[in-house]
């Protein structure tokens, strides 16, 4: 029938890999807001949850790197990482091949997307799902936006992809919830790992909350890399959610947590 919920959240592997290293009040607040997110998604009674993430070379590499990819399978497996390392047991995550196929067919009227019938979820999917669908009883439709291997889709095109996703969702008879996952500033796998530019993060989240399209898409990738690190290229997932929801954002939680090497965030957006 329509898009019934939209939100964004962090997916740092440290949240489940080394939770004891964070300050207890910070960890408690983050888990509290993940739980609220879970309750709200559940209350929206979705037939499926579309989750947009940034892949980390787990399934796609430079020999085959789609700008956008959508899963089209009846189930997925994860985590692709060592479960003992990530702190999440390996599970089979339900999908809905028929629903995915119809969603993809609808999107192709307005945007070019690839699809995959095989997909092993990495922490970008599994950390959020561990918190918001802990029983793995909701059908998942995974969406990947290339955020790590240039050339990258320009930010204005990412917003337009979100709009195409919304149009495709609204053409379905099912109710769909939407969750974007990824980071703001962080410098993964570099000597600066653990560095967080909280001022940059807050500025982006203000632009996102206002759904200010011109401001949200004004960053160059060169500026992002300099000011916020390669991990901040993942703002594409949040921008896509803004394009789909079209409303105003509410940042429920934001806290720099160096132990997790990023600013952890949870936010929702009204659906216009």
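The values are calculated or read from the model by the stated rules, or taken from the named source; none is laboratory data. What you see is a predicted model, and the numbers here were worked out from it, not measured in a lab. For neighbour counting, all protein chains shown are included, and Cβ atoms are generated from backbone atoms with ideal geometry for every residue, glycine included.
Tabulated values for the structure
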item: Pairs, first touching a residue at least 24 places away in the same chain (Cβ under 8 Å) and at positive phi in the range 10-37, second part of a loop (DSSP other than H, G, I, E, B) and surrounded by fewer than 19 Cβ atoms within 10 Å (Cβ to Cβ), C-beta under 8 Å, six or more apart; result: none
item: Residues that are in contact with a helix residue (DSSP H, G or I) (Cβ under 6 Å, 6 or more places away or on another chain) and either under 14 Å from residue 233 (Cα atoms) or not in a loop (DSSP other than H, G, I, E, B) (or both), drawn from the range 183-203; result: 183, 184, 185, 186, 188, 197, 200
item: Residue check, residue 87 modelled with pLDDT of 95 or more, touching a helix residue (DSSP H, G or I) at 6+ places or on another chain (Cβ under 9 Å) and within 29 Å of residue 219 (Cβ to Cβ); result: no
item: The lone exception for residue 212 - which of (1) within 21 Å of residue 126 (Cα to Cα); (2) over 18 Å from the mean Cα position of the chain (by Cα) it fails; result: (1)
item: Selected residue (only one of 247, 162, 180 is part of a strand (DSSP E or B) and closer than 22 Å to residue 65 by Cα); result: 180
item: Residue pairs meeting the criteria (Cβ under 9 Å; at least 6 apart or on separate chains; first on the phi > 0 side of the Ramachandran plot and in contact (Cβ under 8 Å) with a residue 40 or more places away in the chain, in the range 127-141; second crowded, with 21+ Cβ neighbours inside 10 Å and outside any helix (DSSP H, G or I)); result: 136/93
item: Number of the condition not met by residue 109 [criteria: (1) part of a loop (DSSP other than H, G, I, E, B); (2) out of contact with any strand residue (DSSP E or B) (no Cβ under 9 Å at 6 or more places or on another chain); (3) touching a residue at least 60 places away in the same chain (Cβ under 8 Å)]; result: (3)
item: Condition met for residue 207 (out of contact with any strand residue (DSSP E or B) (no Cβ under 6 Å at 6 or more places or on another chain), over 16 Å from residue 157 (Cα atoms) and modelled with pLDDT of 95 or more); result: yes
item: Subset of the range 150-190 [within 24 Å of residue 127 (Cα to Cα) and without any contact (Cβ under 8 Å) to a residue 60 or more places away in the chain]; result: 189, 190
item: Looking only at the range 215-229, and only at residues there that are in contact (Cβ under 8 Å) with a residue 60 or more places away in the chain and part of a helix (DSSP H, G or I), the one that is farthest from the chain's Cα centre (by Cα); result: 221
item: Total residues in the range 36-50, condition within 21 Å of residue 143 (Cβ to Cβ) and not in a loop (DSSP other than H, G, I, E, B); result: 8
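Yes/no matrix, rows are residues, columns are (1) modelled with pLDDT under 95; (2) within 17 Å of the chain's Cα centre (by Cα); (3) over 23 Å from residue 254 (Cβ atoms):
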{"site": "190", "(1), (2), (3)": "yes, no, no"}
{"site": "202", "(1), (2), (3)": "no, no, no"}
{"site": "231", "(1), (2), (3)": "yes, yes, no"}
{"site": "234", "(1), (2), (3)": "no, yes, no"}
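Here's the yes/no breakdown for (1) touching a strand residue (DSSP E or B) at 6+ places or on another chain (Cβ under 8 Å); (2) crowded, with 21+ Cβ neighbours inside 10 Å; (3) modelled with pLDDT under 95:
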{"residue": "16", "(1), (2), (3)": "no, no, no"}
{"residue": "23", "(1), (2), (3)": "yes, no, no"}
{"residue": "28", "(1), (2), (3)": "no, no, no"}
{"residue": "37", "(1), (2), (3)": "yes, yes, no"}
{"residue": "40", "(1), (2), (3)": "yes, no, no"}
{"residue": "45", "(1), (2), (3)": "yes, no, no"}
{"residue": "50", "(1), (2), (3)": "yes, yes, no"}
